[in-house]
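No value in this document is a laboratory result; all are computed from the given coordinates. Quick caveat: nothing in here was measured; it's all calculated off a predicted structure. Here Cβ is always computed from backbone atoms with ideal geometry, including for glycine, and neighbour counts include all displayed protein chains.
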Amino acid sequence: MTEIRIYIINVSILKLTWLILFFTLLHIPNLSFAQLFTYPKENPVELGKVKWLRNYDDAVRASMDKKIPVFILFQEVPGCGNCTKFGNGILSHPLIVEAIETYFVPLCIYNNQKGHDKKVLEKFNEPSWNNPVIRVINQDGKDLVIRQTDFRSVAATIITLQKAISASGKEVPEYLKLLLEETEAREKCNKEEVYFSMYCFWTGEKEISGLPGIIGTEAGYMLGKEVVKVTYNSDKTSFSDIFTKSKKMGCADEVYGSISNDNNIVTKPAGAYKKDSEDKYYLSKSIYKVIPMTDLQKTKVNRALGTDQDPKCFLSFRQLSLINDPKINKSQIAQNIEKVWWKM
């Protein structure tokens, strides 16, 4: 015991953090540390990157053992363009894959096969040769949430996941909430952009990102001035509200962009814009820079670090596990998580 105590005392803070994270990961339901970043290479394109079970009885037994629901995908394999899009897109997003594999027992039933698949299809009265359908059931085979038939919307799948997680008695992770927030803004075409000039864009990026409805900030230059490109959800906030609050913080000396408003706020035409090489300054100086993130995650983590808050709540367990990996040392701030995750 004495030797163990001496070892722990001499372990560096970074290694101790890694050990804590390691054992935390091992206790997450339905999550094996060895499987964090791998996906079945033999998966048909219609199934995306999720590790699916293919037998209903096996899935129910796993559900009872792990005390988590079964996430059923009724899918056409080989399938039409809608099926392959669903697999290559929604079912390949790293954070969606993680949510499915962490909070559920994933089960795929082919809707165009005989035998076991057909029996399960009939059990749930699902049509054959159909577009993708999602159902989440408990150990008794009862639906936890409304059957999802929308295979085009990423937001629809995230909403199903969130409702099912809540219905199972667990708390929806923050990373999934953020993903829904920015996905809905994109799908509903509610994303708006405006540029604010100020004395220090790193400060402006940090402060403005704390306002409600902000889904992205970026430090850059325009017309010889430091500016922050602000992306916001016009369904959640307004330009005038962002301007008023930013002005009070000293982060809106001038406004650039094509913004319509009724408050007589002077806006100037936007010029050529160039992103700063140290965009997300606080994030770029931290150990979190090696983690691929969504745009909103980057904005939230950067602000948390700039205000001495803990950014871990905005990240998934698989994202956090990248910290201190000696093979991962390159900044991912400029990268798109969907494009680089499975290559890492």
Please list, in order, the residues from the range 84-112 whose amide nitrogen is less than 15 Å from a point placed 7 Å along the Cα→Cβ vector of V45. 84-92
Protection-proxy order for peptides 269-277, 151-159, each taking the mean of Cβ atoms within 10 Å per residue, highest first: 151-159, 269-277
Could you work out how far apart the two model spin labels at E338 and M249 are, taking each label as a point 7 Å from the Cα in the direction of the beta carbon, and quote it in nm? 2.8 nm
If you line up the long axis of helix 154-167 against the longest principal axis of the chain, both from Cα atoms, how many degrees apart are they, to the nearest 10? 70 degrees
Return the FRET efficiency for the residue pair N88, N329: r is the Cβ-Cβ distance, R0 is 22 Å, and the value is rounded to the nearest 0.05. 0.15
What are the ³J(HN,Hα) values, in whole Hz, obtained from phi via the Karplus relation 6.51 cos²θ - 1.76 cosθ + 1.60 with θ = phi - 60°, for each residue of the range 273-278 in sequence order, with x given for Gly and Pro? 10, 10, 5, 6, 5, 10
Ignoring everything except DSSP H segments at least 4 long, calculate the 222 nm mean residue ellipticity for the chain; use -39,500 (n - 2.57) per segment, divide by total residues, nearest 500. -11000 deg cm²/dmol
How do K41, K330, K245, K49 line up, fewest other C-beta atoms within 10 Å first? K41, K330, K245, K49
Out of residues 5 or more away from V136 or on other chains, whose amide H comes under 5 Å of its own, with H placed 1.01 Å from N in the peptide plane? I72, L144, V145
Counting only residues 5 or more places away or on other chains, whose amide H sits under 5 Å from the amide H of V227 once H atoms are built in the peptide plane? G220, Y221, M222
Just rank H93, H116, fewest to most, by other beta-carbon atoms within 10 angstrom. H116, H93
Residue by residue through the range 206-217, the couplings from Karplus 6.51 cos²θ - 1.76 cosθ + 1.60 with θ = phi - 60°, in Hz, x for Gly and Pro, are 5, 6, 5, 5, x, 7, x, x, 7, 10, x, 9
The long-range amide H neighbours of M293, using H built 1.01 Å from N in the peptide plane and a cut-off of under 5 Å, are I337
Pairs K177/K229; K66/K114; K67/K123; K285/K339; K41/K85; K247/K289: which exceed 27 Å Cα-Cα? K66/K114; K247/K289
With labels modelled as points extended 7 Å from the Cα through the Cβ direction, what inter-label distance (nm, one decimal) is found for S240 paired with C189? 2.4 nm
Options (1) 30.0; (2) 21.1; (3) 19.8 - which one matches mean projected area of the Cα convex hull in nm² as calculated here: (2)
Rg (Å, one decimal) plus Dmax (Å, integer) for the alpha carbons of the range 150-205? 16.0, 49
At q = 0.10 Å⁻¹, what log₁₀ I(q)/I(0) does the range 190-344 have when each alpha carbon counts as one equal point scatterer in the Debye sum? -0.36
Hey, with R₀ at 56 Å, roughly what FRET efficiency would R54 and N264 work out to, going by the Cβ-Cβ distance, to 0.05? 0.35
